[in-house]
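J.: Sending over a structure as structure tokens; questions will come in a sec.
Please treat every number below as a calculation from the coordinates, not as lab data. Source: prediction; values computed, not measured. When we count neighbours, we look across all protein chains shown, and the Cβ atoms used for this are built from the backbone with ideal geometry, even at glycine.
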Amino acid sequence: CFISYSQENPAPKFGKGILNLIGQDSTWSMKIATRMQLLSTASWEKGPNGGLINPTSNTLIRRARLKFDGFAYSPKLKYKIELGLSNRDISGASEYTSNAPRYILDAVIMWNFYKNFEVRLGQSKLPGNMERLISSGNLQQVDRSLLNRRFTIDREMGIQLWHHFNLTDTFMVREKLSIAKGEGRNVTSENLGGHHYTARVELFPLGEFENNGEYSGGDLKREQKPKLMLAGSYDSNQNAVKTRSNQGSYMINDIGFYQTNISTVFIDAMFKYNGFSLMGEYAYRSANDPIAKNSDGTETGEVVWVGNGLNLQTGYLFPSNWEVSGRFTSIDIDKIITGRNLENQYTIGLSKYIVGHKLKVQTDMSYLAVSNEQDQILCRLQVELHF
Amino acid sequence: CFISYSQENPAPKFGKGILNLIGQDSTWSMKIATRMQLLSTASWEKGPNGGLINPTSNTLIRRARLKFDGFAYSPKLKYKIELGLSNRDISGASEYTSNAPRYILDAVIMWNFYKNFEVRLGQSKLPGNMERLISSGNLQQVDRSLLNRRFTIDREMGIQLWHHFNLTDTFMVREKLSIAKGEGRNVTSENLGGHHYTARVELFPLGEFENNGEYSGGDLKREQKPKLMLAGSYDSNQNAVKTRSNQGSYMINDIGFYQTNISTVFIDAMFKYNGFSLMGEYAYRSANDPIAKNSDGTETGEVVWVGNGLNLQTGYLFPSNWEVSGRFTSIDIDKIITGRNLENQYTIGLSKYIVGHKLKVQTDMSYLAVSNEQDQILCRLQVELHF
Amino acid sequence: CFISYSQENPAPKFGKGILNLIGQDSTWSMKIATRMQLLSTASWEKGPNGGLINPTSNTLIRRARLKFDGFAYSPKLKYKIELGLSNRDISGASEYTSNAPRYILDAVIMWNFYKNFEVRLGQSKLPGNMERLISSGNLQQVDRSLLNRRFTIDREMGIQLWHHFNLTDTFMVREKLSIAKGEGRNVTSENLGGHHYTARVELFPLGEFENNGEYSGGDLKREQKPKLMLAGSYDSNQNAVKTRSNQGSYMINDIGFYQTNISTVFIDAMFKYNGFSLMGEYAYRSANDPIAKNSDGTETGEVVWVGNGLNLQTGYLFPSNWEVSGRFTSIDIDKIITGRNLENQYTIGLSKYIVGHKLKVQTDMSYLAVSNEQDQILCRLQVELHF
């Protein structure tokens, strides 16, 4: 009795990808996955007499993605390609991106060239703040916090070196170094200013999380033992030309671009135990001279968003796979330099994980208090479907 | 004797998709399909002395699409994603779409939550005019009529509720309700004006069509018994801000957007029997005040395209799978308000269905008579390939 | 003993595509492939005292593509779709492309309707210069030469007729005729000026190359016997409206577009033997009246880039699959008409083909001497991964 086809079914279980391909002679592999998020929001401002005024609402395809990853030629040579499909995903076209939509999120080749060392070539997330490093498909609440929006360094084209080692049987340490272009993702024009250097160290004193859970929202694995990641990143964008390091707007002046060194520090922690999770992040940004100037010293009007932010988030996953979560975010962008007011945001969230992060319904409600401005209320409801 | 792989060949017959995937444990399914249309056109105006003048020609990739559909987690939870690839498909970028091309056509989740009830979340076609609801890959002539171009309400992000029941053994009734955003597809900016409400009722007094043929051009199934669909839609776009309800251009004024309630009514019918098909559509649009104004009452120059349209189309499919078809379209947009002239278009078409709508060659010739303007002649030739 | 699934593993060897699908009853086939190029460049100008000045650098995703090809319905009816994903691939949006990115590279149906005759409908490469006809994934050096950049006629929507026959047992001749739109790829607006006619004849006096190697850089197949292709193209763009035939910028004038007949001639040759390869190309462009004018005869400032170019390239592939290559390119665009200086470029390249053109690392260094301008040095490094 002969069987002419012995490969496993290339269509795996729900949530594990659309196709899990293994090339003939096992010379390569590819997992193809897709996902989408449907988001509805409603917001109000608090009126002078306490009532809610200025209602706005929105409903949109927040994210839609295609992902391809696996190895090529050798299991030591891996790759990942992630494409955005929704209008929000691909927005950001400018003359610096060939006036074309920013379709590619990740396009990176990872080579495990020696022992625990891995070099990464291409465009991918920089080793910056924890929230960004959690995939937008694995968030505990509907979306990331204000800290991420103000301070993240997101993705960039460049080269990274990763390494990890064990201090003791359980205590693992991971280091990530990056040299990148400095102006954010999908930039096709030549490098402006200097390069962009990032270093991150991650400590796992209680051992590794189940299934890389340090970068996944909520304790969906219900860790049997307490697990902790403590990490810090230092980011230096030399002669940076954008207002939020490699994000924000270009600081154009009379002779081209205003350039200044921008530093960003992130300190973050993730703790999980038996359905309980606690995440904390602190960000701090400074610049040599945050006020953009022309060649004659006059100010252009653009400034670097220097300041700091704090985000604390916690949640508990009930055995029924309902999770309640809370978040406090405080953003203090330097008021004297930027004119921006202090922001404090309080969010409570409720998630039902039908099939983990792969099929879930999430809702949250936020109260945003901005000094000297009207307070705001924001309600969101999101459905996520991930193959 | 053991067989390690028992799934059917995931690559189905021609025209049935590229891949028909069934996830392990039957937890999900996905059909992946693609299609493209290559179109050539030539047009002329009728000169004052009867000859043809001002020739123009074009040839382009009219449509190219990728489609994914199936169920996720439970057969009661279905989804559909359709992406456009050609320049015509993805055009329409504006500040309201994050200045990004409109890549996603459909992204919708359908949940059969109770008996014959289905709720649909996401972006998909609104329950409007019949011609729009026929996929552009299943048309009887090269493209849709002028009625569709002037009156369609196309796609939008929102929520729909579908239901169907039988009055008698054969008489089926289907109802579709929709609440949507009101500004058309792929809009990422917040909702403007009020919401957009649509209701449609479809009557099938002679029973269901073969293979959902009510929304497919031509009687390719050669219905053994006469089949009829009679349907009507009522559409109310509250405080609409665009000139053709959720289509056309934004009516910008001095304080933001001019807003008015726009109503659209569609009445349509499809009849098929033994290769013969007859389709009729009537559209009527009105607005509370169709003339856009500034806050001080002065006119902005934009107006709502109020008026009505009629489209009648018939065809006969010969046993050789050649089809001849005829179409008459009359568009009467209010001349006093919009300044537009009455349009009457006569089209004869010829189609060769090599593999049904999946591989076909279509040509048609149209004569367009516009009051007070030069008459026009349009010839088109299209090849469609659909996996 | 029954076997329910007899298809071969649809995931082929590395470099042979992601999926090789054969539809049920062999009614169609589809090969799906993807590739990406990661490019880093550094350049300098030669300063007045001989040193290097004005350094610039860049790193980007140079190309990322998805390809689909196979046959539909009958093996005589083939198709190819190629999509660009990177910002460089899809750039070039304009009002002529519906203000949408140029996502589709190829979308073409090929019908072998009679013996050695094949008709091609859709958008694909025109039968122009050899370098363009070599896929960007099969280049011998990091990228194509300046000759291609100045003279190529790239892709266009239209109809082509291909034919081939044998003069003797080994001497093969291939002819390609094309009628196209005249304004380059992904144009959705109507045809401007006249049509675009191209003819190409390819002679293979020593027989066919291994594996269609005439359009692949380097002699990776190490031809056992000398192989040669001699070819010539004649291209006539009637009433062309762009500065480089169907490329470059539109020559807009006071009454629409300046139109002139532009002719381009290409003569090229490819020789391969035992790891050695030699490629030569000559291009010549002329125009009836290369200086764009308004209706009153005043000049608009745009001119057709008339002139000629020569590219000579050679390489030797060592048994270790390292290849050294050299290139000389001379571009002489008419200085009186266009004001452009003579350019001579010298390039040496080094390639390591890990898995042929499917996984390779390439680097090259170029010295560009431009009359009356500073000389320039350009260094490039590229990694290519092709499934």
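J.: Rounding to the nearest 20 debye, state how big the charge dipole of the protein assembly as shown is about its Cα centre with +1 on each Lys and Arg Cβ and -1 on each Asp and Glu Cβ. If you can, show how the numbers build up before the last one.
T.: Numbers: 129 positive and 117 negative charges, 599 e Å.
The dipole magnitude comes to about 2880 debye.
J.: How about C:Lys360: which aspartates and glutamates have a C-alpha closer than 17 Å to its C-alpha, ignoring those fewer than 8 places off in the same chain?
T.: List returned: C:Asp143, C:Asp219, C:Glu323, C:Glu384.
J.: With charges set only on the Cβ (+1 for Lys and Arg, -1 for Asp and Glu), what does the dipole of region B:194-237 come to about its Cα centre, in debye to the nearest 20?
T.: Working: 5 positive and 7 negative charges, 18 e Å.
Dipole about the Cα centre, nearest 20: 80 debye.
J.: Using Cα centres only, tell me the gap between region A:190-233 and region C:122-139 in whole Å.
T.: Distance between centres, Cα-based: 46 Å.
J.: Let me ask something else. Cα atoms only, the protein assembly as shown: Rg and Dmax in Å?
T.: 31.1, 95
J.: Mind checking which aspartates and glutamates have their C-alpha under 12 Å from B:Lys46, skipping anything on the same chain fewer than 8 residues away?
T.: B:Glu373, B:Asp375
J.: Moving to a separate point now. Would you calculate, for chain A, the mean residue ellipticity at 222 nm contributed by helices, counting each DSSP H stretch of 4 or more residues as -39,500 (n - 2.57) and dividing by all residues, to the nearest 500? Kindly include the intermediate steps, with their values, before the conclusion.
T.: Working: 4 runs with 18 residues, N = 387.
Result for chain A: -1000 deg cm²/dmol, rounded to the nearest 500.
J.: Just report the Cα centroid separation between region A:292-371 and region B:237-276, whole Å.
T.: Region A:292-371 and region B:237-276 have Cα centres separated by 39 Å.
J.: Mind listing the label-point distances from C:Asn261 to the same position on all other copies, shortest first, one decimal in nm, points 7 Å along Cα→Cβ?
T.: Shortest to longest, the spacings are 6.5, 6.5 nm.
J.: Right, here's the next one. Using +1 at the C-beta of Lys and Arg and -1 at the C-beta of Asp and Glu, which of A:Tyr96, A:Val265, A:Trp111 has the Cα lying farthest in the positive direction of the dipole of region A:19-386?
T.: The residue sitting most towards the positive pole is A:Trp111.
J.: Still on this structure, please answer the following. Could you please state, rounded to a whole Å, how far the C-alpha centre of region A:16-54 is from the C-alpha centre of region C:79-102?
T.: 25 Å
J.: From a point 7 Å beyond the Cα of C:Val201 in the direction of its Cβ, which residues of region C:167-185 have a backbone N at a distance under 19 Å?
T.: C:167-179, by backbone N distance to the label point.
J.: Run through the other copies and list how far each one's label point is from that of A:Gly356, in nm with one decimal, shortest first; the point sits 7 Å from Cα along Cα-Cβ.
T.: With the label placed 7 Å along Cα→Cβ, A:Gly356 yields 3.7, 3.7 nm.
J.: Taking a point 7 angstrom from the Cα of B:Glu373 along the C-beta vector, which residues in region B:34-58 have backbone N less than 13 Å away?
T.: B:45-46
J.: For chain B, set up a GNM with springs between Cα atoms under 10 Å and report which of B:Ile331, B:Ile252, B:Ile53 has the largest fluctuation.
T.: B:Ile53
J.: Considering every residue in B:89-99, what mean count of other chain Cβ atoms within 10 Å of its Cβ is obtained? Can you show the working numbers first?
T.: Working: counts 4, 7, 7, 3, 9, 1, 0, 1, 4, 10, 7.
Mean inter-chain Cβ contacts per residue within 10 Å come to 5.
J.: Got a sec? Charge dipole of the protein assembly as shown, +1 on Cβ for Lys and Arg, -1 for Asp and Glu; which of B:Ile53, C:Leu378, A:Val370 is way out at the positive end?
T.: Toward the positive end, the furthest listed residue is C:Leu378.
J.: Taking 7 Å along the Cα-to-C-beta vector as the label spot, tell me the C:Glu95-B:Ile336 distance in nanometres, rounded to one decimal.
T.: In this crude spin-label approximation the distance works out to 3.5 nm.
J.: Within 10 Å of each Cβ in A:27-36, how many Cβ atoms from other chains are there, averaged over the peptide?
T.: Values: counts 7, 12, 2, 5, 0, 4, 0, 3, 0, 7.
Mean shielding by partner chains, rounded to a whole number: 4.
J.: How do the peptides B:286-295, B:93-102 rank, highest first, by the average count of neighbouring beta carbon atoms within 10 Å per residue? Let's see the in-between values first.
T.: Values: B:286-295: 15.9, B:93-102: 20.0.
Highest-to-lowest ranking by the protection proxy: B:93-102, B:286-295.
J.: Can you give the net charge of the other residues whose Cβ lies under 9 Å from the Cβ of A:Gly307, counting K and R as +1 and D and E as -1?
T.: Details: positive: A:Arg150, A:Arg285, A:Lys335, A:Arg340; negative: A:Asp332, A:Asp334.
In short, +2.
J.: Calculate the radius of gyration of the Cα atoms of region B:19-386 to one decimal place, then report Dmax, the largest Cα-Cα distance, as a whole number, both in Å.
T.: 21.1, 72
J.: Sticking with this one: Run the label-point distances for B:Glu208 please: 7 Å along Cα to Cβ, every other copy, nanometres, shortest first.
T.: Output for B:Glu208: 5.1, 5.1 nm, nearest copy listed first.
J.: Summarise the partner chain shielding of A:65-72 as one whole number: the mean count of Cβ atoms from other chains within 10 Å of each residue's Cβ. Before the final figure, lay out the partial values.
T.: Details: counts 0, 6, 0, 4, 0, 2, 1, 9.
Mean shielding count: 3.
J.: Excluding same-chain residues fewer than 8 positions from A:Lys125, which lysines have a Cα within less than 19 Å of its Cα?
T.: Excluding near neighbours in sequence, the set is A:Lys67, A:Lys78, A:Lys80, A:Lys176, A:Lys181, A:Lys242.
J.: Say the dipole of chain A comes from +1 at the beta carbon of Lys and Arg and -1 at that of Asp and Glu; which of A:Tyr73, A:Gly349, A:Gly248 then lies farthest toward its positive end?
T.: A:Tyr73
J.: Nearest 20 debye, what's the magnitude of the dipole of chain C about its Cα centre given +1 on Lys and Arg Cβ and -1 on Asp and Glu Cβ? The partial results should precede the final answer.
T.: Working: 43 positive and 39 negative charges, 226 e Å.
Roughly 1080 debye, rounded to the nearest 20.
J.: Provide the packing ranking of B:370-379, B:185-194, i.e. peptides ordered by the mean count of other C-beta atoms within 10 Å per residue, highest first. Can you show the working numbers first?
T.: Working: B:370-379: 13.8, B:185-194: 20.8.
Packing proxy ranking, top to bottom: B:185-194, B:370-379.
J.: Can you give the Rg and Dmax of region C:34-170 based on its C-alpha atoms, in angstrom?
T.: Over region C:34-170's Cα set, Rg and Dmax evaluate to 19.4, 67 Å.
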